[in-house]
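Report on one structure; see the data block that follows.
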Amino acid sequence: MSDFPATYGEVMKPLDLDALPSELAQRCSTSPMIREWVHLYDRVLRAEKVSSPTQWSPLEVVIYEHDDWTLFSRLRGYTTCEIADFKAYLALCESVKRSEPDGENFLLQASLEIQRLVSTEAFRQVEARLLAMSQAQPLAPNTTEESDSSELLHG
């Protein structure tokens, strides 16, 4: 995977908060929790390492399948700060789901809007190449299901 960027942040535009859709912009301006979530989501997305489960080592596959994202992240080379950001992001997602009437749907829609705003042609090419890899190669040993790279934060 040496011809891929190390992280998605290398192929993303900066997040322009002024370009957020009106509903999301309004929620950011009125809710410190939503504003913090937007910033955390952007940081976590930028730090995300570009990888394909088809290229993971057997140890990475086993740790991933045991749902130990902290150990998986360490094994993949994430920094202590990046792991802390991801942990804070997960906790904040749960808070938003509990406190917002449409929490889960809001998070999905907001994440898609943010991805749209920061996406570049290079970002889309990376995603397309990863998808092609997953379709062309069998998954790494012991992997039971395919994973879209946009769904796997810290992978």
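The values are calculated or read from the model by the stated rules, or taken from the named source; none is laboratory data. None of the values given here were measured: they were computed from a predicted structure. Here Cβ is always computed from backbone atoms with ideal geometry, including for glycine, and neighbour counts include all displayed protein chains. Keep in mind that these areas ignore ligands, DNA and RNA; they rest on the heavy atoms of the full protein, side chains included. Shrake-Rupley method; radii C 1.70, N 1.55, O 1.52, S 1.80 Å.
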So ARG116 and LYS87, fully extended at 0.36 nm per residue minus their Cα-Cα distance, gain in nm 8.1 nm
Here the residues of the range 49-68 lying in the modelled label zone of LEU108, meaning backbone nitrogen under 14 Å from a point 7 Å along Cα-to-Cβ, are none
Full extension between THR70 and ALA19 adds, at 0.36 nm per residue less the Cα distance, a length in nm of 15.1 nm
Amide H contacts under 5 Å for THR7, restricted to residues at least 5 apart in sequence or on another chain and with H modeled in the peptide plane, are VAL50
Eigenvalues of the alpha-carbon gyration tensor of the chain, times 5 and square-rooted, give semi-axes in Å, largest first, of 28, 18, 14
If every Lys and Arg gets +1 and every Asp and Glu gets -1 at its Cβ, then about the Cα centre the chain yields a dipole, in debye to the nearest 20, of 320
Per the 1/(1 + (r/R0)^6) rule, R0 = 30 Å and r from the Cβ atoms of ARG124 and THR79, FRET efficiency to 0.05 is 0.65
For the chain, the per residue accessible area (1.4 Å probe, Å²) is 55
Measure of exposure for CYS81: accessible area at 1.4 Å probe, Å² rounded to 10, is 90
Quick shape check on the range 2-71: root eigenvalues a ≥ b ≥ c of the Cα gyration tensor, a/c under 1.5 is rounded, otherwise prolate if a/b tops b/c, else oblate, and it reads oblate
Dividing the helical contributions, -39500 (n - 2.57) per DSSP H run of n ≥ 4, by the residues of the chain yields a 222 nm value, nearest 500 deg cm²/dmol, of -19000 deg cm²/dmol
With a 1.4 angstrom probe the carbon and sulfur portion of accessible area for the chain, in percent, totals 53
